[in-house]
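Comments concern the structure below.
The values are calculated or read from the model by the stated rules, or taken from the named source; none is laboratory data. Only a predicted model underlies this, so the values are computations on that prediction, with no experimental measurement involved. Note that we place each Cβ from the backbone using ideal geometry, even for glycine, and neighbour counts take in every protein chain shown.
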Amino acid sequence: MIRLRRRQTVSDVMTSRVHVARPMTPFKRLVQLIEENKISAVPIVDAQGVPVGIVSESDLLLKERRRELESESSLLHPRRRRQERAKAEGVVAWEIMTRPPITVRSDTNLAQAARLMQERNVRRLVVVDERDKIVGIVSRSDLLQVFLRTDEELRDDVLSTIVPSMLLSAPESVQVAVRWNVVTLSGEVDRKSDVEIFARMTRELDGVVDVVNRLTHRWDDTDVATVASASVARSFRGI
């Protein structure tokens, strides 16, 4: 039985050694954590290790803008302005952090994690386990690592998993070429529907940038009339 390659999940690319702080961690200590560990944000966790917020560099930088925020007024985003002023006055993590943190389960696939980042317009996600305890942090750059897979790796994946699963006989009828993680499929398959399935399965492989589908088909199984004629012909041959 052919097994398709397991899709990577957040746990495969996340940073598992996470520097965290508690709600009452002082402002200066937060700055030290970011500077000493060359990170851009610190998750804030409670006594059980459950994330309750996150403090980013941008949150801390609001302290430098205290006077500006006090004198500045905006009718367009009054709520955001109030939040920024409150953070600028904060002295401990609880007063500065963004909450609630945007979290993701460690078994989430990379596409879902990327979608969540885009939808929420954030640069990182706090990773939690089934008990909602922090187990890591995943950034945009972490999710992009999958596209560093080599052309040879991707070609081998297609040839060793997708082609055998689709073509039980004559797998050599499909050729696969990969350049800059763009996969080109060529050759001939039996049905028109197989052409689309091949392309979809290949596109879903981790690390594939795009698929150029040059596959041809012997017969159109999406044409109801054609399928019906073929079925009738088979019935007559069986009499």
Could you tell me which residue of the range 43-68 is surrounded by the fewest Cβ atoms within 10 Å (Cβ to Cβ), considering only residues that are hydrophobic (A, V, I, L, M, F, W, C) and in contact (Cβ under 8 Å) with a residue 40 or more places away in the chain? V50
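Out of the range 161-178, which residues are touching a Pro at 6+ places or on another chain (Cβ under 9 Å) and touching a residue at least 24 places away in the same chain (Cβ under 8 Å)?
Keep residues of the range 161-178 that are touching a Pro at 6+ places or on another chain (Cβ under 9 Å), which gives 163-164, 171.
Once the filter is applied, which keeps residues that are touching a Pro at 6+ places or on another chain (Cβ under 9 Å) and touching a residue at least 24 places away in the same chain (Cβ under 8 Å), the range 161-178 yields only P164.
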Find the strands (runs of 3 or more DSSP E) located wholly in the range 78-192 whose residues include 2 or more that are under 30 Å from V18 (Cα atoms), and list them. 103-105, 124-128, 134-139
Note on the range 204-220: residues at pLDDT 95 or above, under 23 Å from R6 (Cβ atoms) and surrounded by fewer than 18 Cβ atoms within 10 Å (Cβ to Cβ) are V209, D210
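Residues checked against (1) under 15 Å from the mean Cα position of the chain (by Cα); (2) exposed (fewer than 15 other Cβ atoms within 10 Å of the Cβ); (3) of a type in the set (D, E):
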{"residue": "Q112", "(1), (2), (3)": "yes, yes, no"}
{"residue": "V126", "(1), (2), (3)": "yes, no, no"}
{"residue": "R131", "(1), (2), (3)": "no, yes, no"}
{"residue": "I137", "(1), (2), (3)": "yes, no, no"}
{"residue": "L143", "(1), (2), (3)": "yes, no, no"}
{"residue": "V146", "(1), (2), (3)": "yes, no, no"}
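Would you say V127 is at pLDDT 95 or above and within 30 Å of L62 (Cβ to Cβ)?
Details: at pLDDT 95 or above: yes; within 30 Å of L62 (Cβ to Cβ): yes.
Against the criterion (at pLDDT 95 or above and within 30 Å of L62 (Cβ to Cβ)), V127 qualifies.
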